[in-house]
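The next block holds one structure in the form of C-alpha coordinates; read it before the comments.
The values are calculated or read from the model by the stated rules, or taken from the named source; none is laboratory data. Since we're looking at a predicted model, the values are computed, not measured. Note: ideal-geometry Cβ built from the backbone for every residue, glycine included; neighbour counts use all protein chains shown. For the accessible areas, the whole protein counts, side chains as well, though only heavy atoms, and no ligand, DNA or RNA atoms are used. Shrake-Rupley method; radii C 1.70, N 1.55, O 1.52, S 1.80 Å.
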Amino acid sequence: KYAIAYSLINLAIVHYNEKEYKKALEYLEKSQSIQERLELPKPPLSTAIYLNLVYKHLNNKYNLKDIQNLIKETENIGYEFNFRLYELFEDNSYLEKAYNIIQEQVDTMEHILKENYLNYPIPKAIVEEWEQHI
(Lines give C-alpha, C1' and ligand atoms only; values in the text may rest on other atoms or scores of the structure.)
Protein backbone atom coordinates (compact mmCIF):
# COMPACT_ATOMS: atom_id res chain seq x y z
CA LYS A 1 0.00 0.00 0.00
CA TYR A 2 2.95 2.32 0.61
CA ALA A 3 4.08 1.76 -2.97
CA ILE A 4 0.61 2.57 -4.28
CA ALA A 5 0.45 5.77 -2.22
CA TYR A 6 3.83 6.94 -3.51
CA SER A 7 3.00 5.94 -7.09
CA LEU A 8 -0.13 8.06 -6.89
CA ILE A 9 1.98 11.01 -5.75
CA ASN A 10 4.23 10.52 -8.77
CA LEU A 11 1.22 10.43 -11.08
CA ALA A 12 -0.03 13.62 -9.47
CA ILE A 13 3.34 15.28 -10.09
CA VAL A 14 3.17 14.33 -13.78
CA HIS A 15 -0.27 15.94 -14.04
CA TYR A 16 0.90 18.97 -12.07
CA ASN A 17 3.81 19.45 -14.47
CA GLU A 18 1.32 19.29 -17.36
CA LYS A 19 -0.79 21.95 -15.58
CA GLU A 20 -3.63 19.43 -15.19
CA TYR A 21 -4.36 20.53 -11.65
CA LYS A 22 -7.74 18.84 -11.18
CA LYS A 23 -6.31 15.48 -12.27
CA ALA A 24 -3.28 16.03 -10.00
CA LEU A 25 -5.67 16.73 -7.13
CA GLU A 26 -7.50 13.44 -7.74
CA TYR A 27 -4.27 11.45 -7.45
CA LEU A 28 -3.07 13.41 -4.42
CA GLU A 29 -6.37 12.87 -2.61
CA LYS A 30 -6.26 9.13 -3.38
CA SER A 31 -2.70 8.96 -2.09
CA GLN A 32 -3.61 10.95 1.00
CA SER A 33 -6.52 8.59 1.69
CA ILE A 34 -4.21 5.56 1.55
CA GLN A 35 -1.66 7.33 3.75
CA GLU A 36 -4.37 8.04 6.34
CA ARG A 37 -5.50 4.40 6.31
CA LEU A 38 -1.88 3.36 6.84
CA GLU A 39 -1.86 5.74 9.82
CA LEU A 40 1.39 7.40 8.83
CA PRO A 41 2.50 9.77 11.59
CA LYS A 42 2.81 12.62 9.09
CA PRO A 43 2.35 12.99 5.34
CA PRO A 44 5.41 12.98 3.12
CA LEU A 45 6.70 16.44 2.30
CA SER A 46 6.00 15.74 -1.39
CA THR A 47 2.29 15.20 -0.71
CA ALA A 48 2.00 18.36 1.34
CA ILE A 49 3.87 20.52 -1.17
CA TYR A 50 2.03 19.35 -4.26
CA LEU A 51 -1.37 19.28 -2.58
CA ASN A 52 -1.00 22.89 -1.50
CA LEU A 53 0.41 23.94 -4.88
CA VAL A 54 -2.60 22.39 -6.59
CA TYR A 55 -4.93 24.16 -4.16
CA LYS A 56 -3.12 27.40 -4.89
CA HIS A 57 -3.50 26.97 -8.67
CA LEU A 58 -7.17 26.07 -8.28
CA ASN A 59 -7.69 29.12 -6.03
CA ASN A 60 -8.66 26.93 -3.07
CA LYS A 61 -7.70 27.58 0.52
CA TYR A 62 -4.46 25.95 1.59
CA ASN A 63 -2.51 25.60 4.83
CA LEU A 64 1.19 26.45 4.80
CA LYS A 65 1.64 25.86 8.53
CA ASP A 66 1.74 22.07 8.10
CA ILE A 67 4.39 22.38 5.40
CA GLN A 68 6.50 24.68 7.56
CA ASN A 69 6.50 22.02 10.28
CA LEU A 70 7.44 19.29 7.78
CA ILE A 71 10.27 21.47 6.43
CA LYS A 72 11.69 21.84 9.95
CA GLU A 73 11.66 18.05 10.33
CA THR A 74 13.30 17.34 6.95
CA GLU A 75 17.08 17.31 6.81
CA ASN A 76 17.85 17.42 3.11
CA ILE A 77 15.48 19.04 0.69
CA GLY A 78 16.51 18.61 -2.94
CA TYR A 79 16.37 21.15 -5.70
CA GLU A 80 12.92 20.09 -6.97
CA PHE A 81 11.20 20.50 -3.61
CA ASN A 82 13.04 23.76 -2.93
CA PHE A 83 11.79 25.02 -6.28
CA ARG A 84 8.25 23.93 -5.48
CA LEU A 85 8.51 25.63 -2.07
CA TYR A 86 9.60 28.78 -3.87
CA GLU A 87 6.47 28.53 -6.04
CA LEU A 88 4.30 27.93 -3.02
CA PHE A 89 5.70 30.48 -0.59
CA GLU A 90 7.00 32.94 -3.22
CA ASP A 91 10.16 33.12 -1.13
CA ASN A 92 13.35 33.64 -3.13
CA SER A 93 15.47 31.84 -0.51
CA TYR A 94 14.02 28.53 -1.73
CA LEU A 95 14.84 29.42 -5.32
CA GLU A 96 18.38 30.28 -4.28
CA LYS A 97 18.76 26.92 -2.49
CA ALA A 98 17.47 25.07 -5.56
CA TYR A 99 19.82 27.00 -7.83
CA ASN A 100 22.81 26.38 -5.57
CA ILE A 101 22.12 22.65 -5.43
CA ILE A 102 22.04 22.49 -9.22
CA GLN A 103 25.24 24.51 -9.50
CA GLU A 104 27.02 22.19 -7.07
CA GLN A 105 25.93 19.22 -9.16
CA VAL A 106 26.92 20.65 -12.53
CA ASP A 107 30.32 21.78 -11.21
CA THR A 108 31.32 18.10 -11.04
CA MET A 109 29.99 17.15 -14.50
CA GLU A 110 31.67 16.98 -17.86
CA HIS A 111 30.56 19.61 -20.37
CA ILE A 112 28.24 17.41 -22.48
CA LEU A 113 26.56 15.91 -19.42
CA LYS A 114 26.20 19.35 -17.84
CA GLU A 115 24.56 20.68 -21.00
CA ASN A 116 22.05 17.81 -21.12
CA TYR A 117 21.28 18.02 -17.41
CA LEU A 118 20.56 21.73 -17.59
CA ASN A 119 18.03 21.05 -20.33
CA TYR A 120 15.91 18.79 -18.12
CA PRO A 121 12.64 20.62 -17.35
CA ILE A 122 13.05 21.32 -13.63
CA PRO A 123 16.75 22.27 -13.58
CA LYS A 124 16.13 24.40 -16.67
CA ALA A 125 13.15 26.14 -15.04
CA ILE A 126 15.17 26.81 -11.88
CA VAL A 127 18.10 28.33 -13.76
CA GLU A 128 15.82 30.46 -15.93
CA GLU A 129 13.85 31.67 -12.92
CA TRP A 130 17.06 32.43 -11.00
CA GLU A 131 18.49 34.40 -13.93
CA GLN A 132 15.32 36.53 -14.01
CA HIS A 133 15.80 37.38 -10.33
CA ILE A 134 19.44 38.38 -10.38
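Only protein heavy atoms count here; under a 1.4 Å probe, residue 4 has an accessible surface of about 100 Å².
Taken as Cα centroids, the range 54-127 and the range 1-38 sit 19 Å apart, rounded to the nearest whole angstrom. Projecting the Cα positions of 88, 99, 31 onto the charge dipole of the chain (unit charges on Cβ atoms of Lys, Arg, Asp and Glu, taken about the Cα centre) puts 31 furthest along the positive direction. Cross-link partners for residue 23 among the lysines, with Cα-Cα distance under 28 Å and sequence neighbours closer than 8 places in the same chain left out: 1, 42, 56, 61, 65, 124. Overall, the chain carries a charge dipole of about 660 debye about its Cα centre when +1 sits on the Cβ of Lys and Arg and -1 on the Cβ of Asp and Glu, all other atoms neutral.
Taking the longest Cα principal axis of the chain as reference, the axis of helix 2-17 is set at about 60 degrees.
Within the full protein context, the accessible area of residue 133 is estimated at about 80 Å² for a probe radius of 1.4 Å. Extension gain for the segment residue 105 to residue 42, taken as residue separation times 0.36 nm less the Cα-Cα distance, is 19.7 nm to one decimal. Exposed loop positions in the chain were taken to be trypsin sites (Lys or Arg not before Pro) whose DSSP state is not H, G, I, E or B and which have at most 13 other beta-carbon atoms within 10 angstrom. Between these positions, the longest stretch is 62-134. The overall shape of the range 20-98 is oblate: from the C-alpha gyration tensor, with semi-axes ordered a ≥ b ≥ c, the ratio a/c is 1.5 or greater and a/b is no larger than b/c. Mind checking the log10 I(q)/I(0) for the chain at q = 0.11, 0.12, 0.16 Å⁻¹? Debye, one equal scatterer per Cα, no solvent, two decimals. After summing over all Cα pairs, the log10 values are -0.43, -0.51, -0.87.
For residue 33 and residue 120, a Förster radius of 41 Å and the Cβ-Cβ distance give a FRET efficiency of 0.85, rounded to the nearest 0.05. Relative to the longest principal axis of the Cα atoms of the chain, the long axis of helix 121-133 makes an angle of roughly 70 degrees. Computed over protein heavy atoms with a 1.4 Å probe, the carbon and sulfur contribution to the accessible area of the range 2-66 reaches 52%.
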